[in-house]
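These notes are about the structure you will find just below.
Bear in mind that the values in this text are calculations on the coordinates, not laboratory data. Computed from a prediction, not measured in an experiment: that's the story for all the values here. Cβ coordinates were reconstructed from backbone atoms using ideal geometry, including for glycine residues, and neighbour counts include every protein chain displayed.
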Amino acid sequence: MTSFLTAIFTLLGIAIGSFLNVCIDRLPRKRLLYIDNGEGERLDIEVIEGVFDEDPIEMFKGKTVYVTGKIKKNISTGNLQINVTGESQIIVQEETIAPEKEKTNEELTPISWKEASNRIGAIVTICGRITGGIKIRQSLAYPPSHCDGCQQRLALKDLVPILSYLWLRGRCRYCRARIPRRVLLVEVASGLIFFLAFWRFGLSAQFAITAFWSCVFLIIIFIDWEYKLILNRLTYPAAVLALAVLAVDSLLPEAGILGNLRFVPQPSILSGIIAGAIGFVFFLIVFLINPRGIGMGDIKLAGLIGLVAGFPLGIVALFIGIFIGGLVAIVILALRIKGRKDVISYGTFLAIGPIITLLWGNEIFHWYQGLFK
């Protein structure tokens, strides 16, 4: 029976991973800039909110720009569209506006719009004049799942978690554009977390809370990795919810609603606030010393991690995240995958810490204490 339930919850975790992918795609707010080539043709530029310090519509309106990014078709207008994220750029004349990236001759050699229409799914550079723009309104339910390259609505057979990706070899069935590897990684990670949580805690409140918070941190991990953003609209509500969970477990200890939360040895609002404050203040000090090292999003994330795990395991979670982030940074720099001036999504690695702590925090903490006995 236990093996059967483990399999069921693992499959549930994989299925939830598909929903997490939708959240990762659609939670970041976006702008749509209009670019004209002078011949009556319009191309759309999708800009993730937060890539620029100011409203990109006001920044670029009336300017001629070079835009580099993945070309696709806009599902609503039918126009060609380029997505601008942390890995793409908009260049006005000789000035790189954002994000900072070394300019190459290839990037500054735009292709014709006709040629771009034949290279759906590829990284291209387009030149044109920004004429205006709008805010994009989207939800987790609309538009329906579709290919980012050809905008074809996906059938049920295209949406089977993990299996569809493997069967299609990571490419769209209709236009053969590459499906982001992130889609597979999120589904596998979510299934693995549900498997480990159920294996560790069985069918309990602790299993549910561990699985839930792990999913929240998975969203944060991959949004930061893909868009270089840690969203306030995610961290603020999560912080309020974390306090509410600790409050319920503190005020109703005899009711057993949440059970004995092993990852919070002494669950209480005070425990969460102490760990959250330590994480927030520590990262704030680091930010004040070296503003280019981390961002405000990392500071808020550190506070959230403390609230979720409580004291002292919130500190354990932060230490694990810092260790993983530092180790990965050393490897990336050693292999010259990125340079010292390149942006590394630190929040991605920091958010791994609480997932590990939710699963094995007590064991890690007791092991650490044993080193000094």
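The table below lists the values:
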item	result
Cβ-Cβ FRET estimate between ARG336 and ILE356, R0 fixed at 30 Å, reported to 0.05	0.60
Listed pairs LYS114/LYS228; LYS30/LYS70; LYS30/LYS63; LYS63/LYS135; LYS63/LYS300 exceeding 25 Å between Cα atoms	LYS114/LYS228; LYS63/LYS300
Full-extension gain in nm, ALA122 to ARG233, via 0.36 nm per residue minus C-alpha separation	36.9 nm
Pairwise centroid distance, computed over Cα atoms, of the stretch 272-305 with the stretch 126-193, Å	33
Computed lengthening from ALA244 to LEU327, 0.36 nm per intervening residue step minus Cα-Cα distance	26.5 nm
Computed Rg/Rh of the stretch 105-147, alpha carbon atoms with Kirkwood Rh	1.09
VAL281 versus ARG182: modelled label distance in nm, points set 7 Å from Cα along the beta carbon direction	3.5
